Each structure stands twice: as structure tokens, then as C-alpha cells.
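Following: one structure in C-alpha cells, then a few remarks.
The values are calculated or read from the model by the stated rules, or taken from the named source; none is laboratory data. None of the values given here were measured: they were computed from a predicted structure. Note that each Cβ is placed from the backbone with ideal geometry, even for glycine, and that neighbours are counted across all protein chains shown.
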Amino acid sequence: MVELTPERRIQDMALSIPPAPTPFGSYVETKEIGSLLYLSGMLPVVGHVPLYTGAVGRDLSTAEGYAAARTACLSGLAAARQHLGSLDRVKAIAKLGVYIAAVEDFRDHPKVADGASDLLSSIFGRENAPPRIVLGVLNIPLGMSVEIELVFEIEPYRH
């Protein structure tokens with residue numbers, strides 16, 4: 001029986017991980033400290049092209065916000081994969097933060113954030129669902145609709 005590793009699940013789902021994003025400013029996308037891999041805020045972009053902009057509840061529906069969170073999470077997975085060489089080195093998802101540019105009376109933040117959570121659960125298993133924080137914010141850099149942050153616990157690199 002084939003072990004269901006994260007990379008195997010990605011393959012089985014025929015999921016396309018985009019190229020790793022490049023910074024929009026003076027920072028790095030990833031930072032490994034001990035057994036943790038921290039990611040910079042990940043935006044719903046492919047390459048350097050924004051896919052979802054504006055406020056959820058005004059410019060985007062809840063379903064489009066969900067897709068934006070999923071896309072931002074895919075960017076995070078791309079950055080992690082580039083840094084680690086393989087997502088199979090991820091032991092656990094230590095934290096997921098989802099920041100949503102939304103109108104003042106928007107109330108479906110959890111449904112938007114599920115775009116990232118559902119993707120992570122499908123790749124790393126439901127038993128490895130991350131703790132998360134979900135916040136509505138006034139705006140996000142570059143007019144994006146969603147920004148996520150991820151922290152992974154990782155296996156040490158073996159030669």
C-alpha cells in the first residue's frame with residue numbers, strides 16, 4: 001500500500017501547486033528557525049499577478065473569498081515546497097492565520113477562511129487540521145482580499 005504523504009495526496013488530487021511567489025517588498029518569503037518554518041503573509045497571487053482584490057461582501061462574494069483564501073494558501077505551499085524541497089518534510093501545521101478585507105457588516109469570515117483550512121486538511125489529513133485565527137481587516141496590501149500566514153513544524157533535512 002502506498003503511503004499517503006502530502007506530496008502523494010497532491011498528486012492523487014491532480015492539484016497544481018503554482019510557482020513560489022516572489023516578494024513585493026524587502027523581505028523573504030520563508031524563514032526556518034529550529035524545527036519551525038515561518039512564512040511571510042501569503043496573498044492570492046500566481047507568480048506576481050493578483051487574482052483576488054477588493055473587499056469580501058462588496059467586491060467579492062463569500063465563495064470568491066473562499067477561493068482567494070485557497071489561492072493564497074497554494075502560494076504558501078509553493079513557498080514552503082521551494083524552501084523544503086518537498087512538503088513531505090512538514091510534520092504539522094502549527095498555525096494558520098487568515099486576514100480578510102471585508103465590509104464592516106460581513107459575518108462569514110469562517111466560511112472564507114475554510115478555503116485555506118480545507119486545502120490544508122486535504123493535503124495533510126483532517127487529523128492535522130491547524131489551529132487558526134480569522135480576522136476581518138480594513139484593507140490588505142496591494143488591495144488584496146485575503147492574506148494568510150502559516151507556520152509549519154518540519155522534519156530536519158536529511159542528506
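Odds and ends about this structure:
- Of the residues 25, 54, 47, the single one that is modelled with pLDDT of 95 or more and of a type in the set (Gly, Ala, Ser) is 54.
- Among the criteria (1) assigned to a helix (DSSP H, G or I); (2) farther than 23 Å from residue 28 by Cβ, the one residue 83 does not fulfil is (2).
For every residue, the table says whether it meets (1) more than 17 Å from residue 85 (Cβ to Cβ); (2) touching a residue at least 40 places away in the same chain (Cβ under 8 Å).
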site: 6; (1), (2): no, yes
site: 12; (1), (2): yes, no
site: 17; (1), (2): no, yes
site: 27; (1), (2): yes, no
site: 33; (1), (2): yes, no
site: 52; (1), (2): yes, yes
site: 55; (1), (2): yes, yes
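- Residue 68 meets the conditions (1) assigned to a helix (DSSP H, G or I); (2) modelled with pLDDT under 95; (3) of a type outside the set (Val, Ile, Thr) in every case but one. The failed one is (2).
- Close contacts from the stretch 69-96, counting a first residue that is in contact (Cβ under 8 Å) with a residue 60 or more places away in the chain and closer than 18 Å to residue 122 by Cβ and a second that is among the hydroxyl-bearing types (Ser, Thr, Tyr) and surrounded by fewer than 20 Cβ atoms within 10 Å (Cβ to Cβ), with Cβ to Cβ under 6 Å and a gap of 6+ residues or different chains, come to 88/5.
- Residue among 88, 118 that is part of a helix (DSSP H, G or I), under 17 Å from residue 35 (Cα atoms), out of contact with any Lys or Arg (no Cβ under 7 Å at 6 or more places or on another chain) and of a type in the set (D, E, K, R): 88
- In this entry, residue 147 passes the filter for residues that are in contact with a helix residue (DSSP H, G or I) (Cβ under 7 Å, 6 or more places away or on another chain) and part of a strand (DSSP E or B).
- Among the numbered conditions (1) out of contact with any Ser or Thr (no Cβ under 7 Å at 6 or more places or on another chain); (2) not in a helix (DSSP H, G or I), the only one that residue 78 does not meet is (2).
- Looking only at residues of the stretch 115-148 that are crowded, with 19+ Cβ neighbours inside 10 Å, within 11 Å of the chain's Cα centre (by Cα) and of a type outside the set (Val, Ile, Thr), we find that the one that is farthest from residue 62 (Cα to Cα) is 120.
- Evaluating residue 105 against the criteria (1) in contact (Cβ under 8 Å) with a residue 40 or more places away in the chain; (2) loosely packed, with under 15 Cβ neighbours inside 10 Å; (3) within 26 Å of residue 126 (Cα to Cα); (4) not aromatic (Phe, Trp, Tyr) leaves one unmet condition, (3).
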